[in-house]
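Structure first, commentary second.
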Amino acid sequence: MWQEHTVMGSENRTVRTAFFLMKVLLTIVSSFTGGSVAAQTEEPPKLVVDFRGPAGKTRALGFAGSHRRFFSAGENKRLQFYDLANDTIIPGSVIRWEFARGALGEVNDAETSADGTKVLFGGCSLRNAGGDLVLVDTGTQTVLAHFSAPAEVVCVALSASGQTVVAADLHSGITAWRLIDGVWQQRVLRPSLQQANAESLWNPAAVIDDATVMFLSADPDNPDFGRLATCDLVTGNITTATTPVPLPVCSLVSVNHTLQRTCVSASIDGTVLLHSSDSAEPARLLRISELLNGQLLEPSITTAALAPDATLLAIAGDGLTPDGDQQVTSFITLLDLPSLKLRDIVRFTGEGCCETLCFSPESTHLLACNDVAETALLWNLRDAGGEAAERPLTTAPLSVVGRGRAFQTARFVTGNSAAPDGYQLHLTDSQSHIWQLEPGPGELEPLPPSPAGTPTQPVNGPDTFAPGWSVAAEPISDDGRTQILRLVPPAGSRAEPSPVQLSVIDQGTFSGAFAFLQGTPERPQAVAIGTTLIDGIFVYRIPSDDQQPLQLVRYFRDHAGTIRDLSVSSDQRFLASAAADQTVKIWSLEGIEQEAQRSIFGGRIALQPDGTVKFSDLNPAGILYARGIRDGDAIAAVRTALQPDQLVQDPAETTRLFSTLPAWATLDLWLARTGFDPNNQEAGARRINPGWEPLLTLVTDKTGEWVLFTPEGWFDASIASGDRLFGWQINRGIALPPRYEPAEHLQKEYEKPEVIRQVLQTGSVPEALAALNRPVVGDLQIELRNRVLSLPEIRILNPPDGLQAQAQLPIPVTAEVTFAQPQDANAFEIQAAQNGRHLIEQNRAPQNGILTITWSSQTLEAANQFSVTAREIGNDLASSDQSKAAVTVLTGATTADPQARVFLLALAVDAYQKIQPLQFSVQSVTAFRNDLQTLTNSRKNSVTEARVLADKAVSMETVRLNLNAFLSERQKRPSPDDLIIIVVSGQGVSRTVARGSSIRLNALEEFFFLPPQVDPGDLRQLGREGIRWKNLCDPINQSDCDVLWIVDASHSQRARNEAKAAFSECRGPHGRHVIFTDQTEAIESAGWQVQPGERGNSSLMTAVREALLGHSQTPEADKAVAALWQDQQLSFDDLSQWTANRAQRLAESVGKRQKVVYSPTAPGSARHPLILGTRTSPNP
């Protein structure tokens, strides 16, 4: 049936068919026996990359109550909410559910109730043989109900009241549930088939009201067509329409408005059916090609949406450009109803860009996605006067893109990828920018531009170790289940290896990525193949006999996007991969020369003379070791996904099973040392998939922040926010929301650069720990799980997330903090903030290990983020365990307090007596004060308090006295819109912090700012007279107003970790604005004159002052700073980004390396732009 449709892109749909079939098998393989399967008692945490935006395919979009709050979901396996404030899209809260590696946990569809307080989403189940869908309270993230479907859920529908739920599954089944007298009652509208077919991949359904559901039924006269059917959930009666529609149908939508109902169905072949309940005319059947008036050829449809007021229809799809090239392009078109007149159309480069659309509840906004660019798009369909815009899609939409940076290639540098000299990789992004990664020292730096993005040094490409060899792929088989790959030798070679047959369902399809491992001059030893759909990497050994088949000796499984590039290290120990999931991973090739079974599992499984089956020779980098299995462990029982009803305990049968088990087959394993109880099979089971995990994963964002982490949780990260790019999720069952903690909350325990440095030297995390005299005891991932669960868990009870309230409304913030142990309540301090401003606590009530605290606040801005943080008492921030929760409250337009004031405290030292003096710190800071006063006078919020302590005036005592007086002055008339600016310019030093009677091993060092007379080598004097950074930061960050730190303090002994500790203290638990030099020496020049006649400046203060003044002495920079002021305003974000880029360029101009880091680094924050000043012209 499928092949009979002559629709553009049929080959792409064949791949998509295989993709859904693959997901069905994954569901069965990884979650077999429908809930009775033994589950590992202590499931390891799942590593989660947090890009705060779309990632991969977006399959669901929706609004929550109004156009100001919406979400996206799909391959990223969670619902990411966004808030709209002052025409800025701000990433908000995240609703998570259970997931695992592979497709398990991907969200296929989601829908909200009319008031936005409930959201229903479903997809591929983690625990059941079928599909899951959950109903969640969007304000508290409480799971209200959980439903199981017979197969993977591909479509969900929710009534306006949230009391009727519908699931359409991958096997054509449709099931509905109604909430009656507090009980969910189920009705099967159409039973599921035994297996999916082409049409069931698109199985749409819609809820008309609490008692009526619409779906597609078979056409009795033509199997290629279906008919719209409605089911009365009270009586069970089904009514079928008379008009047939071509299958498959990708979208089915219905809206109720006034006294009528409008329904639309859209077929992939471009057919649109429109029907109104109040119309005497029959349903209208139209073609999208006619509606587009020839603007695209052979258009097909991927999705459609209907405005709630039934005045607009949006359709997305693909077509061919009508020019001579006939390029494939995606489109979104807007049609007026009921006339179906074309209102507007927008095109995107690529195919399959948009699979989901949604109108806002007010019918004023259209939400769409561009999957090629991984972007969500929001169009305002109204003009400035509130009337319908004539061509709304022509106007640039508001957009949100994830903060991750995707790399197209990741290749080892030929001359620097072998132990003991260390390893380097060159990474190329889509803009042909090249970055150099050194995993050992933890450095990621951009390289100078080169022609067409070519590497500046030789790198290991696909055929570096097998010159002239390549891989050629044949088309996917007609049934979509297999693909043949052929290894092509260079011209003149007599080698003709056997082909590789990929199972599309189990392995995916060839992505074009491959890399050969070094062998003999005649042929390579092995080849690594990258795939899409499964997103796996498969290493095949190439036999010397061409008649022998290639042997699969390793399966790498952790990517969640198409494998784009592969590279083998020069010493053949490691494989690097870049994928569409915006990660780069490094894998172990250790042991691939061993027999296939041992190489795949990372150890021997053999029958012993005593009749037991035991593991031995385990590779510490292998998957068995990672799952807590050790040499000498004996198998008590095993069960595989292929035979879920057969429990194997016989030793001979167990040995045979492992020798024939496919590399991708999941199994449950019981060990003799933990025991096996046939009556309680849930206890002691270990879930194992032979796919190996990576040694290291790199994630980087668009600002250059990065993190490098291992599956066991150890990581190294950049200063500003690298530790916020990933975290750990612990699944707690489908009825409970998962526990998620970002890596920064366990920075004290797991940010260990020394471990990351050792991983590539030793080959595995356990061996790296042993080299550091930290032997592995037990299961490292279970140890990580226990550490995550030891943190306090915070739940904000009020206000609910997403609340829309009036401006200036008093609003109490109440949170519930649950401690792992009752005594932990005394070990953590609990603080709350609103958009970074400290809140005043009103009440706290401990009871049964749960602490309930209330703070007072009011809605001050268009988007108000209320956060509650638990921080370990007594340590600096970088050395403290912590946890955090946040909600956002939206209001209407707000205005800043016209009486708000600016307060400046600055410390500057040039005249150092014990170390090299500086030249321009005092002059720069004094000039900054004058610049600031001039700027802020433009807003009539002049600098009320400006204290500059210079040279001999800088001492521990003077700083303490001035700080107290400074803060006391502000408290005379505090305003939440006040601004405190702290400028520190001079030299700093760090020392290891003593913990009791001993020095903490690998502790982050504490940072001190140096008064002029202090000798940094005299630790006694430093302790007495140095300005302890924490003592300066804590009082400032307790302020209930905005704070901006500008820190230009450096020292040659300061490593990145110490700088990170200092930066963390400035940022504080609430996330203050920080501009901070990450440097090991002062960078000054007499040539950097911001105003005529100056003696010079540092690079940082030059950049800051240029931004404040709106001009530069350099013509090129002058033009750039004019663009900075083009909206006649200067915000914190503008200032931070300009300073970072400008200071780096200034340093490069004198042959120095410098990076300025700033926070927040993520685009958008839960507040309006913080305006420092305004001008009537950009260049005064």
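Quick notes on this structure:
- Checking 239, 243, 235 one by one, the residue that is part of a strand (DSSP E or B), surrounded by fewer than 20 Cβ atoms within 10 Å (Cβ to Cβ) and out of contact with any Ser or Thr (no Cβ under 8 Å at 6 or more places or on another chain) is 243 and no other.
- Taking the criterion of being more than 26 Å from the chain's Cα centre (by Cα), crowded, with 18+ Cβ neighbours inside 10 Å and touching a residue at least 60 places away in the same chain (Cβ under 8 Å), the only residue of the range 739-763 that qualifies is 763.
- Looking across the range 254-291, the residues that are among the small types (Gly, Ala, Ser) and in a strand (DSSP E or B) come down to 254, 265, 266, 267, 276.
- Screening residue 139 on (1) touching a Gly at 6+ places or on another chain (Cβ under 9 Å); (2) surrounded by fewer than 21 Cβ atoms within 10 Å (Cβ to Cβ); (3) under 20 Å from residue 53 (Cβ atoms) shows it passes everything except condition (3).
- Single residue of 324, 294, 317 found to be touching a residue at least 12 places away in the same chain (Cβ under 8 Å) and outside any strand (DSSP E or B): 294
- Condition check for residue 256: within 24 Å of residue 60 (Cβ to Cβ), buried (at least 23 other Cβ atoms within 10 Å of the Cβ) and under 39 Å from the mean Cα position of the chain (by Cα): no
- Complete set of residues in the range 484-515 that are over 40 Å from the mean Cα position of the chain (by Cα) and not small (Gly, Ala, Ser): 489, 490, 494, 496, 497
- Residue that is among the basic types (Lys, Arg), under 15 Å from the mean Cα position of the chain (by Cα) and at pLDDT below 90, where the choices are 687, 724: 724
- Unmet criterion (only one of (1) within 16 Å of residue 1071 (Cβ to Cβ); (2) buried (at least 24 other Cβ atoms within 10 Å of the Cβ); (3) modelled with pLDDT of 90 or more) for residue 839: (2)
- Condition check for residue 1139: touching a residue at least 12 places away in the same chain (Cβ under 8 Å), buried (at least 17 other Cβ atoms within 10 Å of the Cβ) and over 18 Å from residue 932 (Cβ atoms): no
- Some residue of the range 769-782 being small (Gly, Ala, Ser), touching a Ser or Thr at 6+ places or on another chain (Cβ under 9 Å) and not assigned by TED's automatic domain parsing to the domain that holds residue 147: yes
- Residues in the range 375-396 that are crowded, with 19+ Cβ neighbours inside 10 Å and closer than 18 Å to residue 54 by Cβ: 375, 376, 377, 378, 379.
- Within the option set 811, 794, 830, being within 23 Å of the chain's Cα centre (by Cα) and β-branched (Val, Ile, Thr) holds for one residue only, 794.
- Looking only at the range 615-639, and only at residues there that are surrounded by fewer than 18 Cβ atoms within 10 Å (Cβ to Cβ) and not hydroxyl-bearing (Ser, Thr, Tyr), the one that is nearest to residue 682 (Cα to Cα): 634
- Considering residues of the range 456-499 that are modelled with pLDDT of 95 or more, hydrophobic (A, V, I, L, M, F, W, C) and part of a loop (DSSP other than H, G, I, E, B) only, the residue surrounded by the most Cβ atoms within 10 Å (Cβ to Cβ): 466
- Criterion applied to 926, 936 was being surrounded by fewer than 17 Cβ atoms within 10 Å (Cβ to Cβ) and either assigned to a helix (DSSP H, G or I) or modelled with pLDDT under 90 (or both), and the one residue passing it is 926.
- Residue within the range 454-470 that is without any contact (Cβ under 8 Å) to a residue 60 or more places away in the chain, closer than 30 Å to residue 720 by Cα and under 27 Å from the mean Cα position of the chain (by Cα) present: no
- Restricting the range 615-651 to residues that are more than 14 Å from residue 676 (Cα to Cα) and basic (Lys, Arg) leaves a set whose member that is modelled with the lowest pLDDT is 627.
- Checked against (1) assigned to a strand (DSSP E or B); (2) within 28 Å of the chain's Cα centre (by Cα), residue 782 meets all criteria but (1).
- Pairs are defined by a Cβ separation below 9 Å, a sequence spacing of at least 6 or placement on different chains, a first member in the range 972-992 that is in contact (Cβ under 8 Å) with a residue 12 or more places away in the chain and farther than 26 Å from residue 840 by Cα, and a second member that is surrounded by fewer than 22 Cβ atoms within 10 Å (Cβ to Cβ) and among the aromatic types (Phe, Trp, Tyr); the pairs so defined are 986/912; 987/912.
- Count - residues of the range 690-712 that are closer than 24 Å to residue 667 by Cα and either within 18 Å of the chain's Cα centre (by Cα) or in a loop (DSSP other than H, G, I, E, B) (or both): 8
- Search result, residues across the range 381-415 that are polar (S, T, N, Q) and in contact (Cβ under 8 Å) with a residue 40 or more places away in the chain: 394, 399, 408, 409, 414
- If the condition is being outside any loop (DSSP other than H, G, I, E, B) and buried (at least 19 other Cβ atoms within 10 Å of the Cβ), then the range 345-374 contributes 345, 346, 348, 358, 359, 365, 366, 367, 368, 369, 370.
- Whichever residue in the range 892-917 is more than 26 Å from residue 1067 (Cα to Cα) and in contact with a strand residue (DSSP E or B) (Cβ under 7 Å, 6 or more places away or on another chain) and, among such residues, is modelled with the highest pLDDT: 912
- Residue check, residue 801 out of contact with any His (no Cβ under 8 Å at 6 or more places or on another chain) and assigned by TED's automatic domain parsing to the domain that holds residue 709: no
- When 761, 729 are screened for being assigned to a strand (DSSP E or B) and modelled with pLDDT of 90 or more, only 729 passes.
Residues are listed down the side, and each one gets a yes or a no for (1) of a type in the set (Gly, Ala, Ser); (2) under 21 Å from the mean Cα position of the chain (by Cα); (3) assigned by TED's automatic domain parsing to the domain that holds residue 513; (4) part of a strand (DSSP E or B):
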position	(1), (2), (3), (4)
560	yes, yes, yes, no
567	yes, no, yes, yes
570	yes, no, yes, no
575	no, no, yes, yes
578	yes, yes, yes, yes
582	no, yes, yes, no
590	no, no, yes, no
614	no, no, no, yes
618	no, no, no, no
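- Candidate set: the range 77-114, residues that are modelled with pLDDT of 95 or more and among the acidic types (Asp, Glu); chosen: the one surrounded by the fewest Cβ atoms within 10 Å (Cβ to Cβ): 111
The values are calculated or read from the model by the stated rules, or taken from the named source; none is laboratory data. As the structure is a prediction and not an experimental result, all values here were calculated from the model. Positions of Cβ are generated from backbone atoms using ideal geometry, with glycine treated the same way; all protein chains shown enter the neighbour counts.
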